[in-house]
Amino acid sequence: MTQNLQKKIRGFILTYCMTTTATLFVCAVYINIFWRGVLLNPDILWEILLLCFVCSLCNFMHPFRETDRKRIVLNIVTRYLYINLVVLGGGHIFHWLDIKNVLMLAVMMLEILFVFILVSAVIWILHKKASERLNQKLQEYQRTGRHDNEAL
């Protein structure tokens with residue numbers, strides 16, 4: 001397995017875990033607003049896991065190489081639209097929401113936005129820290145002119 005694929009799989013797993021956690025939180029809020037007092041079918045847990053899995057697949061979706069700001073923004077918008085399609089479509093299929101209820105739809109879309117921003121921010125922070133570590137190692141290498149292999 002290539003190192004790039006391993007990195008994408010690790011990113012997928014991280015995204016899946018964060019998305020599932022955040023989704024459970026917003027589902028608790030959503031259920032308290034729109035379905036208060038209802039006895040839930042345990043199938044909802046499997047449905048949440050499935051939708052989070054499908055949403056996390058956007059880690060493998062790379063319509064454009066991120067070379068400039070316009071492409072980066074286009075990738076973010078494409079991923080966000082994909083996630084909206086998955087969650088709203090799945091929510092409709094699983095009867096989580098009534099598409100005709102504007103308030104219900106608006107709250108669901110706000111929750112999607114919240115989870116998207118939260119997960120994106122955490123991943124961005126983690127990538128920034130990794131980049132800083134790599135830059136620090138590169139500067140150290142340039143300063144000393146030695147590879148770790150040379151030290152052996």
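The values are calculated or read from the model by the stated rules, or taken from the named source; none is laboratory data. Keep in mind that what you see is a predicted model, and the values were worked out from it rather than measured. Here Cβ is always computed from backbone atoms with ideal geometry, including for glycine, and neighbour counts include all displayed protein chains.
Can you find even one residue in segment 53-61 that is closer than 25 Å to R10 by Cβ, touching a helix residue (DSSP H, G or I) at 6+ places or on another chain (Cβ under 7 Å), in a loop (DSSP other than H, G, I, E, B) and without any contact (Cβ under 8 Å) to a residue 40 or more places away in the chain?
Start the filter on segment 53-61 by keeping residues that are closer than 25 Å to R10 by Cβ, which leaves 53-61.
Filter again for touching a helix residue (DSSP H, G or I) at 6+ places or on another chain (Cβ under 7 Å), leaving 53-56, 58-61.
Filter once more, so that each one left must be in a loop (DSSP other than H, G, I, E, B): 61.
Among the residues that remain, those that are also without any contact (Cβ under 8 Å) to a residue 40 or more places away in the chain are: 61.
There is at least one residue in segment 53-61 that is closer than 25 Å to R10 by Cβ, touching a helix residue (DSSP H, G or I) at 6+ places or on another chain (Cβ under 7 Å), in a loop (DSSP other than H, G, I, E, B) and without any contact (Cβ under 8 Å) to a residue 40 or more places away in the chain.
Can you work out which of the residues in segment 94-110 that are assigned to a loop (DSSP other than H, G, I, E, B) and surrounded by 13 or more Cβ atoms within 10 Å (Cβ to Cβ) is modelled with the highest pLDDT?
Within segment 94-110, the first condition is being assigned to a loop (DSSP other than H, G, I, E, B), and the residues that meet it are 94-101.
Then drop every residue that is not surrounded by 13 or more Cβ atoms within 10 Å (Cβ to Cβ), which leaves 94, 96-98.
Numbers: F94: 93, W96: 87, L97: 86, D98: 85.
Among residues in segment 94-110 that are assigned to a loop (DSSP other than H, G, I, E, B) and surrounded by 13 or more Cβ atoms within 10 Å (Cβ to Cβ), the one modelled with the highest pLDDT is F94.
Just checking, does segment 18-37 include any residue being closer than 28 Å to A130 by Cβ, without any contact (Cβ under 8 Å) to a residue 24 or more places away in the chain and either in a helix (DSSP H, G or I) or of a type in the set (S, T, Y) (or both)? Please lay out each step first, then the result.
Restricting attention to segment 18-37, the residues satisfying the condition of being closer than 28 Å to A130 by Cβ are 18-26.
The next check asks that each one be without any contact (Cβ under 8 Å) to a residue 24 or more places away in the chain; those that pass are 21, 25.
After this cut, where a residue has to be either in a helix (DSSP H, G or I) or of a type in the set (S, T, Y) (or both) as well, the list is 21, 25.
Yes, segment 18-37 contains a residue that is closer than 28 Å to A130 by Cβ, without any contact (Cβ under 8 Å) to a residue 24 or more places away in the chain and either in a helix (DSSP H, G or I) or of a type in the set (S, T, Y) (or both).
Identify the single condition in (1) under 22 Å from A22 (Cα atoms); (2) without any contact (Cβ under 8 Å) to a residue 24 or more places away in the chain that S131 does not satisfy, given that it satisfies every other one.
Unmet condition: (1).
Scan segment 34-53 for residues that are at pLDDT 90 or above and among the aromatic types (F, W, Y) and jot them down.
W46, F53
What residue, of G37, G11, is loosely packed, with under 12 Cβ neighbours inside 10 Å and more than 21 Å from G89 (Cβ to Cβ)? Break it down into steps so the answer makes sense when it comes.
Working: G11 fails: loosely packed, with under 12 Cβ neighbours inside 10 Å.
Just one listed residue meets the conditions, G37.
If you scan segment 64-91, which residues turn out to be in a helix (DSSP H, G or I) and exposed (fewer than 14 other Cβ atoms within 10 Å of the Cβ)? I'd like the intermediate steps shown before the answer.
Initial filter on segment 64-91 (in a helix (DSSP H, G or I)): 69-91.
Matches in segment 64-91: R69, K70, R71, I72, V73, I76, V77, L81, L85, G89.
Against the condition in contact with a Gly (Cβ under 6 Å, 6 or more places away or on another chain) and either over 14 Å from M108 (Cα atoms) or surrounded by 18 or more Cβ atoms within 10 Å (Cβ to Cβ) (or both), how does L51 come out, does it pass? Spell out the reasoning first.
Details: in contact with a Gly (Cβ under 6 Å, 6 or more places away or on another chain): yes; either over 14 Å from M108 (Cα atoms) or surrounded by 18 or more Cβ atoms within 10 Å (Cβ to Cβ) (or both): yes.
Judged against the criteria, L51 is a match.
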